[in-house]
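Data block below; observations after.
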Amino acid sequence: MQDVGLKAKNLSVFYGEKQAVKDISLDFNARQVTALIGPSGCGKSTFLRSLNRMNDLIPGAKITGEVWIGDQNILSPRTDVVLLRQKIGMVWQRPNPFHKSIYENIAFGPRYHGIRDKKKLDEIVEQSLRKAALWEETKDRLHKSALALSGGQQQRLCIARSIAVRPDIILMDEPASALDPVSTAKIEELIAELKQEYCIIIVTHNMHQAARVSDRTAFFLMGELVEFDQTDKMFTNPANQQTSDYISGRFG
């Protein structure tokens, strides 16, 4: 299995004149979960969206610095952004299944990338749903609308959809914030399983969630990276007073 991680180097993001992310360098390891934490508006989601060029879609956004996967700087103008987003999947805060069947939600990406063989598509759909712990709940209703699923099931479907195109890295922007506690627990269990194969980067407001699911944690404040360390150490013995104040709930 390939060890594919990600390196951000001196990454800054501007929205017009406003600098939202300030000169951040971070390494993300394969087969680990890295949590990005910090108060609202601190730049963590903006930083996350830069890692697969989603900020390109925002008028007036400008990114400087480098983001490396292997020997490729993905911020290079020569980067094929469609292929990049196949390599780096994205799961959003709110479940956003397509207005299609469960099967078509999963098959859409592989088909877009050239897979036409029905048997192969069937295999990908089943494997992806199994990896997302959703196969047993959906195998008898694959051709029913994805919108009939519960919120938690829809989010797991979106995770299955992202892994169907065989990414190396999965970005998650508060993937459980719109879900009830039972569905949240299922998403967290799923993250623990998926990290055996993928590099996962998750933005979360939930300190307990960051502590439960991540191997390493980065604390952002006002667009800057304040501290980055092993999660256990960050949550028990942070090096920075601001980190300690945030984690203990004194602000944010």
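Each value in this text was obtained by applying a stated rule to the coordinates, not by laboratory testing. Bear in mind the structure is a predicted one, so any value in this text is a computation, not a measurement. Cβ sites come from the backbone with ideal geometry, for glycine too, and all protein chains shown count toward neighbours.
Mind listing whichever residues of segment 19-53 are farther than 17 Å from Pro175 by Cα and in a strand (DSSP E or B)?
Selection gives Gln19, Ala20, Val21, Lys22, Asp23, Ile24, Ser25, Leu26, Asp27, Phe28.
Report yes if some residue within segment 149-156 is surrounded by fewer than 21 Cβ atoms within 10 Å (Cβ to Cβ), under 15 Å from the mean Cα position of the chain (by Cα) and at negative phi; otherwise report no.
no
Step by step: first the residues of segment 54-72, then only those that are small (Gly, Ala, Ser) and within 18 Å of Leu26 (Cα to Cα), then the one that is surrounded by the most Cβ atoms within 10 Å (Cβ to Cβ). Which residue is that?
My answer is Gly65.
Among the residues of segment 88-132, write down those that are buried (at least 20 other Cβ atoms within 10 Å of the Cβ) and touching a Pro at 6+ places or on another chain (Cβ under 8 Å).
Once the filter is applied, which keeps residues that are buried (at least 20 other Cβ atoms within 10 Å of the Cβ) and touching a Pro at 6+ places or on another chain (Cβ under 8 Å), segment 88-132 yields Ile88, Gly89, Val91, Asn105, Ile124.
So, in segment 8-18, exactly how many residues are part of a strand (DSSP E or B), loosely packed, with under 15 Cβ neighbours inside 10 Å and in contact (Cβ under 8 Å) with a residue 24 or more places away in the chain?
1
In contact with a helix residue (DSSP H, G or I) (Cβ under 8 Å, 6 or more places away or on another chain), assigned to a helix (DSSP H, G or I) and not hydrophobic (A, V, I, L, M, F, W, C), is that true of Ser183?
In short, yes.
Only residues that are outside any helix (DSSP H, G or I) and buried (at least 21 other Cβ atoms within 10 Å of the Cβ): list them for segment 196-215, please.
Tyr198, Cys199, Ile200, Ile201, Ile202, Val203, Thr204, Ser214
Pick out, from segment 117-165, the helices (runs of 4 or more DSSP H) lying fully within it that include 3 or more residues that are among the aliphatic types (A, V, I, L, M) and without any contact (Cβ under 8 Å) to a residue 60 or more places away in the chain.
118-131
Hey, does segment 73-82 have a residue that's farther than 22 Å from Gln155 by Cβ, among the charged types (D, E, K, R), loosely packed, with under 15 Cβ neighbours inside 10 Å and without any contact (Cβ under 8 Å) to a residue 12 or more places away in the chain?
Within segment 73-82, one or more residues are farther than 22 Å from Gln155 by Cβ, among the charged types (D, E, K, R), loosely packed, with under 15 Cβ neighbours inside 10 Å and without any contact (Cβ under 8 Å) to a residue 12 or more places away in the chain.
Test Thr243 against the stated conditions and say whether it is over 30 Å from Ile106 (Cα atoms) and part of a helix (DSSP H, G or I). Don't jump to the end; show me each part of the working.
Values: over 30 Å from Ile106 (Cα atoms): yes; part of a helix (DSSP H, G or I): yes.
It is true that Thr243 is over 30 Å from Ile106 (Cα atoms) and part of a helix (DSSP H, G or I).
Taking segment 206-236 on its own, how many of its residues are over 30 Å from Lys18 (Cβ atoms) and in contact with a helix residue (DSSP H, G or I) (Cβ under 9 Å, 6 or more places away or on another chain)?
Residues meeting the conditions: 7.
Is one or more of the residues making up segment 24-47 surrounded by 21 or more Cβ atoms within 10 Å (Cβ to Cβ) and charged (D, E, K, R)?
yes
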